[in-house]
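Bear in mind these aren't lab numbers, they're just calculated from the coordinates by the rules spelled out. Predicted model, so just to flag it, every value in this text is computed and none were measured. All Cβ positions, even for glycine, are placed from backbone atoms using ideal geometry, and neighbour counts span all protein chains on display.
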Amino acid sequence: MSKLHVDIDAVEEAAKLLYIRALKVLPDDIKQGFGRLDAGESDSTAKTILATMIENIAVAERTDNLLCQDTGIPIYNVTIGRDVEVDGAAMKAAIRRGVERATREHPLRSSIVHPITRVNEQTSCGRFVPVINIDFDERPQTLELEMIPKGSGSENGSFLRMFIPADGVDAIKTFVIDRVMEAGGKVCPPTIVGVGVGGTSDLCMHLAKVAATRPLGSVCDDPEGAKLERMLSDAVNALGIGPQGLGGDSTSFAVHVETAATHITMNPVAVNIQCHSARRATATFTPKGVEIGF
Amino acid sequence: MTHYDFQMPVTEAQVRALKVGDTVTLNGALFGIRDATQIHMFDRGRKSRFDLRGHAVIHTAPNVKKVPKSNEYPAGYASVCIGTTTSARMERFTRPLMSEYGVRIIIGKGGLGKDSQQAFADLGGVYLAIIGGTAALETTWVEAIEEVDFEDLNPECLWRFAVKGFGPLLVAMDAHGSSSYDRVNAAAAARRAAALAAMGVKA
């Protein structure tokens, strides 16, 4: 079986390109999501706000500018398929160089500081940033590099609660509703509400992030999670928080749920919110070359 | 619902005339301010050389490009992308911004809290909601970065922008104790029980 040999310079180039592209062009599923919300919106202020957001997407593309000034925390999700040869440590270093180059060469605002000294190195990098998650799948001779510039306004809408088994699923549902109300307009609605259910505390929070950054229209592959996300999607949009927290039907594009098995004594739930600038970009490495998409 | 075109700075009377639901478009000077800017101004005792009396501040930290100073770029910075951040983190700075610097208008997203609402009533101020995440559009309303204070805090400097047709922005908190956010939050709280019941959650 021949192998895909991943060129490290190509990873650096892709990491740079994806960061800039993600900040400028929204994926089609999100654009279509705006159309759906606008069609179902009954509040006139909310409709005006949605129209401005839709206009902004067009202005960003026309002027080749960033959709939002928040360059976010750069996150790279690497998925390595079968028969792939890549120098992992070199790949991580290349991603970091790509982030630094995007920041310097575009230029982009470096939004990253040391957590205690608050010193900004002006590189969009720091300890453990960019965040790099590595996983594996079955695709032959394929390496996928997904870039998420996670905006801080919505990232600050992150919550974890270790409920107990006796609290049941009712506690999970109530927690999500209450956190969406608490977040209000601060997380830049319309949002994608990511919900993690189960696992350990850290896995639960990670699941919430995976859920928040999943494409619109995708469904949780656990049927119980899928049932919960349908229910919660309707419930959050019945609250009337609306775009920017100024009232209306369009509080969220969707609630996404991801689940993991948990311990007999545990009932954890996590919420991670994605703002309406639901940005992502992907590079897929195969023997044919590098393909850029969402 | 009335629309106002403001040439900055404005008077207390102009600001007190605004009511929630009105819209405002700004022209002239606009000051960009953020977390670190205000931490340095109010917690660490740094004083800005800018005269903010009667002016508007916007909660922002822009993407900029350093360029040689010129008539077009008087501060040596070109705008790349200028947008708005979540205001709630900066709640405790509203009153000192108004009482110590004479700021009349705060522009941001997501709203401010009760202390700011009280400061607006006591001192004559308003909060204008801009649409978060629409920075590409907002950038087209900014003509130039005219001057920068606290440059070491980049990107969280105190920026003086020249703006033209900056808006329309929605008056979301006024000097009469009214807040769009309070109204929406109260309505959401009233709908909470029904939303939970629809999911089969036992009261």
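Overview of values
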quantity	calculated
Segment A:152-274, relative contact order in percent, only Cα pairs under 8 angstrom and at least six apart counted	44 percent
Rounded tilt (10° steps) of B:180-198 against the dominant C-alpha axis of chain B	40 degrees
Positive dipole terminus of chain B, leading residue within B:I106, B:A186, B:V57 (C-beta point charges)	B:A186
Amide hydrogen neighbours beyond the local backbone of B:L169, cut-off 5 Å, H modeled	B:V24, B:T25
Rounded to 10°, Cα long-axis angle of helix A:168-183 versus longest principal axis of chain A	80 degrees
Whether the protein assembly as shown is rounded, prolate or oblate, judged on the alpha carbon gyration tensor where a/c under 1.5 counts as rounded	oblate
Efficiency of FRET from Cβ geometry, A:D221 and A:I264, R₀ 30 Å, rounded to 0.05	0.80
Karplus 3J(HN,Hα) series, Hz, for segment B:46-52 with 6.51 cos²θ - 1.76 cosθ + 1.60 (x for Gly, Pro)	7, 10, 7, 7, 6, 8, 9
Vicinal HN-Hα couplings computed from phi for segment B:110-119 (Karplus, 6.51 cos²θ - 1.76 cosθ + 1.60; Hz; Gly/Pro x)	x, x, 10, x, 5, 5, 5, 4, 5, 4
Ranked list, fewest to most other Cβ atoms within 10 Å of each Cβ, for A:H206, A:H256, B:H55, A:H276	A:H206, B:H55, A:H256, A:H276
Under the Debye formula (equal points on every Cα, no solvent term), log10 I(q)/I(0) of segment A:152-274 at q = 0.16, 0.18, 0.22 Å⁻¹	-0.65, -0.83, -1.23
For q = 0.12, 0.20 Å⁻¹, Debye-computed log10 I/I(0) when each Cα of segment B:3-178 counts as one equal scatterer	-0.48, -1.43
Unit charges at the beta carbon, dipole of chain A: most positive-side option, A:T259, A:G225, A:G293	A:G293
Between segment A:106-161 and segment B:127-149, the Cα center-to-center distance that results, in Å	25 Å
B:D115-A:H114 pseudo-label distance in nm [points 7 Å out on the Cα-to-Cβ vector]	2.8 nm
Distance between segment A:187-245 and segment A:250-294 - C-alpha centres, whole angstrom	9 Å
Candidates B:R44, B:R192, B:R95, ranked by Gaussian network fluctuation over chain B, Cα under 10 Å, top entry	B:R192
A:T200 paired with A:M1, simple spin-label distance in nm, labels 7 Å along Cα-to-beta-carbon	3.0 nm
Distance-filtered residues of segment B:65-103 - backbone nitrogen under 18 Å, label point 7 angstrom along B:K47 Cα→Cβ	B:96-103
Simple Cβ-charge dipole of segment B:3-178, Lys/Arg +1 and Asp/Glu -1, about Cα centre, in debye nearest 20	160 debye
Unit charges on C-beta of K, R, D, E only; dipole of segment A:152-274, Debye	180 debye
Cα lying deepest toward the dipole's positive end in segment A:153-209, options A:P165, A:T191, A:L207, charges on Cβ	A:T191
Size of electric dipole in the protein assembly as shown: Cβ of Lys, Arg +1 and of Asp, Glu -1, about Cα centre, debye, nearest 20	780 debye
Efficiency of FRET between A:E291 and A:R62 - r from beta-carbon atoms, R0 22 angstrom, step 0.05	0.35
Spatial separation of Cα centroids for segment A:10-45 and segment B:1-56, in angstrom	32 Å
Residue among B:G21, B:G133, B:G177 with the largest mean-square fluctuation in a Gaussian network model of chain B, springs linking Cα atoms under 10 Å	B:G133
Candidates B:E72, B:E156, B:E146, ranked by Gaussian network fluctuation over chain B, Cα under 10 Å, top entry	B:E72
Between helix A:201-212 and chain A: long-axis angle, C-alpha atoms, 0 to 90°, nearest 10	90 degrees
Flagged links, alpha-carbon separation over 23 Å, of A:K16/A:K150; A:K47/A:K186; B:K114/B:K164	B:K114/B:K164
